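In what follows, a single structure is set out as structure tokens and then discussed.
The values are calculated or read from the model by the stated rules, or taken from the named source; none is laboratory data. Just so it is clear, the structure is predicted and the values come from calculations on it, not from any experiment. Ideal geometry is used to build each Cβ from the backbone, glycine not excepted, and the neighbour counts take in all protein chains shown. Note: accessible area is taken over every heavy atom of the protein model, side chains too, but ligands, DNA and RNA are not part of it. Shrake-Rupley method; radii C 1.70, N 1.55, O 1.52, S 1.80 Å.
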Amino acid sequence: MKTIHTEDGKVIEIKVNKQLFGKNNELAAKNLELFNKHNIHAIDVLGSIGSGKTSTIQQIVKYLKDKKRIAAITGDLTTTIDADRIKKYGAHVLQINTDRGCHLDANMVRNSLDQLNLEDYDLILIENVGNLICPGSYPVGAHQRIVVVSTTEGPYMIVKHPHIFQDATVAVINKTDMADAMDVDIKQLEKDAKAIKPSIKVVFTNAKTGQGIEDLVSALNI
Ligand code: MG
Ligand code: ZN
């Protein structure tokens, strides 16, 4: 049972069907085993459309490509825009077109892994479909999840999506150069994330220029 508090103090209770997610969780555990067997570290990258997931992945690839053998898996409804962007930075990229699907699931990721020679990689970056709601309920078996939020999304992105931050190791506050123009206080965003999950690491980036990527890589501990 999940409790939802509304603005005027009413409380609505909703039954959550846990079994619905059971099968995905099983497959996610298998993916994790597969990653571990091949000494691969896998990161699930979440965030809204336009938050900077692809740019963040590009910068991580650029920063680590001489130290790690990297593959990226990108989820997108119908386009290959993100995959094409990441390829240019030197990672092997697999594209999953989810058609109408609004999140990746463990089975889709497993199907992509079957197309990779896993011996060839140390790090796999998984770009989830751009939204902050349902991808949170479908773990794909990654070792960690990071959430990218940008200042252009306004001041409430974090407080309105607590569940996705509860399961994340790192919150990336992106487009910090736009904060003043958007009237967004990035220190408040950090406080919001820490209030949801005290152990979450918060890094500030401008993924367009690469600013903050060193901090992100060190927060990822890879
Ligand atoms: Mg993208
Ligand atoms: Zn979905």
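Miscellaneous remarks
- Secondary structure note: in segment 125-222, about 10% of the DSSP beta bridges are antiparallel.
- Under 5 Å from the amide H of Thr205 lie the amide H atoms of Ile173, Asn174, Lys175, Thr176, each residue being 5 or more positions distant or on a separate chain, with H modelled from the backbone and absent for Pro and chain starts.
- For segment 54-63, backbone phi angles converted through the Karplus equation (6.51, -1.76, 1.60; θ = phi - 60°) give residue-by-residue couplings of 5, 4, 5, 4, 4, 5, 5, 4, 4, 6 Hz, Gly and Pro being listed as x.
- Surface per residue (accessible, 1.4 Å probe) for segment 136-211, Å²: 47 Å²
- Cα gyration tensor, segment 51-172 - rounded (a/c under 1.5), prolate or oblate: prolate
- Size of charge dipole - the chain - debye, nearest 20, with Cβ of Lys, Arg +1 and Asp, Glu -1, no other charges: 320 debye
- Local electrostatic count at Val149 - Lys and Arg +1, Asp and Glu -1, tallied over other residues with Cβ under 10 Å: -1
- Amide H contacts of Gly210: none lie under 5 Å away among residues 5 or more positions distant or on a separate chain (H built 1.01 Å from N in the peptide plane; Pro and chain starts excluded).
- Heavy-atom accessible surface of segment 17-220: percent carbon and sulfur, 1.4 Å: 50 percent
- Mean residue ellipticity (222 nm) of the chain, computed from DSSP H runs ≥ 4 via -39,500 (n - 2.57), nearest 500: -9500 deg cm²/dmol
- Between segment 30-93 and segment 125-149, the Cα center-to-center distance that results, in Å: 12 Å
- Summed residue charge, Cβ within 13 Å of Gln58's Cβ, Lys/Arg positive, Asp/Glu negative: +4
- Bridge type composition, segment 17-220 - antiparallel percent by DSSP, nearest 5: 5 percent
- Each Cα pair under 8 Å and six or more residues apart adds its sequence gap; the mean of these over the residue count of the chain is a relative contact order of 23 percent.
- Accessible area in square angstrom per residue, segment 18-77, 1.4 angstrom probe: 49 Å²
- Heavy-atom SASA rank of His163, His41 (probe 1.4 Å, accessible area, largest first): His163, His41
- Cα-based Lys proximity count in segment 154-222, under 16 Å, for pairs eight or more positions apart or on separate chains: 8
- Other-chain or far-sequence residues with amide H under 5 Å of Val93's (modelled H): Ala72
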